[in-house]
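Here's the structure we're looking at; comments come further down.
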Amino acid sequence: SACPCLVGRPGAMPGAEKKTRKEKAAVAAKGRAAPGVNKYMPDQSRNAHASIAASSGAQKLLKRAALLQTLLARKESAETRIRLAEIWIELNQSKYHGAARETLETCLKLDPGDAMCARRVLAPLLLSFGEHEAAAALLAQYSNDTSAVMLCCGLLLSLAEHAEAEGEEEEEESQARAYSAFERLFACNWQACALLAATARGESPIPEQTVSELREARIAKLASAGGWPEVGGVSEAILLSEVFSGCAGVGGEEEEAEGTCEDAWPGLEGAAVWLSAMTLGKYGEAGEGGGCARPARASAARGDEKRHVRVLEAVLGEVFEELEMIVVEAAGEDDEEEGEEGGEEE
């Protein structure tokens with residue numbers, strides 16, 4: 001069974017409009033960064049300098065991890081455990097994923113109330129493993145947590161469940177849950193919806209420096225249990241764009257041939273198209289009706305710094321262009337498949 005984006009995808013366009021948007025997409029594509037590359041970061045090409053820098057960064061993280069493990073041996077602390085798990089995840093190597101999961105699950109065993117919100121780090125991690133039953137159980141256990149990160153997990157889980165659905169009735173039920181989950185997330189933080197869709201294929205318009213600042217600020221505030229940003233705001237949305245970046249897979253045929261692509265999280269291949277179409281469906285083009293105009297201003301929450309709000313507002317137009325391009329490219333692929341099928345029938 002396919003992802004909901006391939007079953008009656010919302011936002012379908014008539015032929016003439018589709019052609020016009022394809023032309024726009026072709027022009028815009030000339031300035032795009034390669035899949036999986038944040039164009040605001042320094043050159044990420046595979047050269048000796050980049051390799052040395054990456055190795056040096058990993059060594060620093062491993063030293064920090066060793067220090068935190070020493071601290072844990074002396075005194076149990078949920079704060080220290082979450083910091084340690086964040087390092088295992090940041091290293092982005094499969095051999096550390098099990099350690100990250102075990103560290104976070106221990107937090108929840110020691111403090112079922114989860115005052116430090118370790119669940120918000122664990123839930124996305126479980127989804128990335130394809131541990132859908134464990135993720136569903138965690139979301140159910142903390143169903144009163146309506147932060148965008150937990151709502152994002154619920155939405156992606158529903159898309160993955162739809163991909164695994166069997167039979168028409170099961171597909172319809174799972175698709176209805178996906179629509180409902182999207183509406184909940186959009187009502188909570190529309191910016192999170194837009195950035196989730198725009199970064200699902202591994203690209204981000206948000207400068208890495210901004211993401212790093214917000215991540216470090218959140219971790220630094222864990223001790224006060226106030227490290228998580230206010231729900232519905234800019235900081236929350238920007239941080240989520242990093243957590244779920246590449247969840248729908250990174251790269252195409254060219255990157256696959258080069259060995260630089262990354263697989264989608266289990267069950268989420270094609271999710272970027274569905275997320276993009278759903279988000280765009282909330283807004284109508286000027287003068288078209290059927291929805292409000294696309295926002296040019298961000299929705300700040302208490303605690304959002306003005307400079308971070310300005311960063312998001314500066315790229316909102318680019319974010320919506322990316323969503324449109326994702327949908328247009330998918331429509332083009334559908335047209336090609338239909339053409340091939342038609343040729344075979346003849």
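At a probe radius of 1.4 Å, what is the per-residue accessible area of D263, in Å² to the nearest 10?
130
Could you state how much accessible area Y283 has, in square angstrom rounded to the nearest 10, with a 1.4 Å probe and all protein chains kept in place?
30
Could you tell me which of the pairs K95/K306; K109/K306; K60/K95 are separated by over 28 angstrom between their Cα atoms in the structure shown? Display every interim value, and only then the final one.
Details: K95/K306 39 Å; K109/K306 38 Å; K60/K95 17 Å.
As for pairs spanning more than 28 Å Cα to Cα, those are K95/K306; K109/K306.
Can you give the accessible area of F320, probe radius 1.4 Å, in Å² rounded to 10?
Accessible area of F320: about 10 Å².
The values are calculated or read from the model by the stated rules, or taken from the named source; none is laboratory data. Small disclaimer: the values here were computed from a predicted structure and weren't measured. Ligands, DNA and RNA are excluded from the accessible area calculation, which covers all protein heavy atoms including side chains. Shrake-Rupley method; radii C 1.70, N 1.55, O 1.52, S 1.80 Å.
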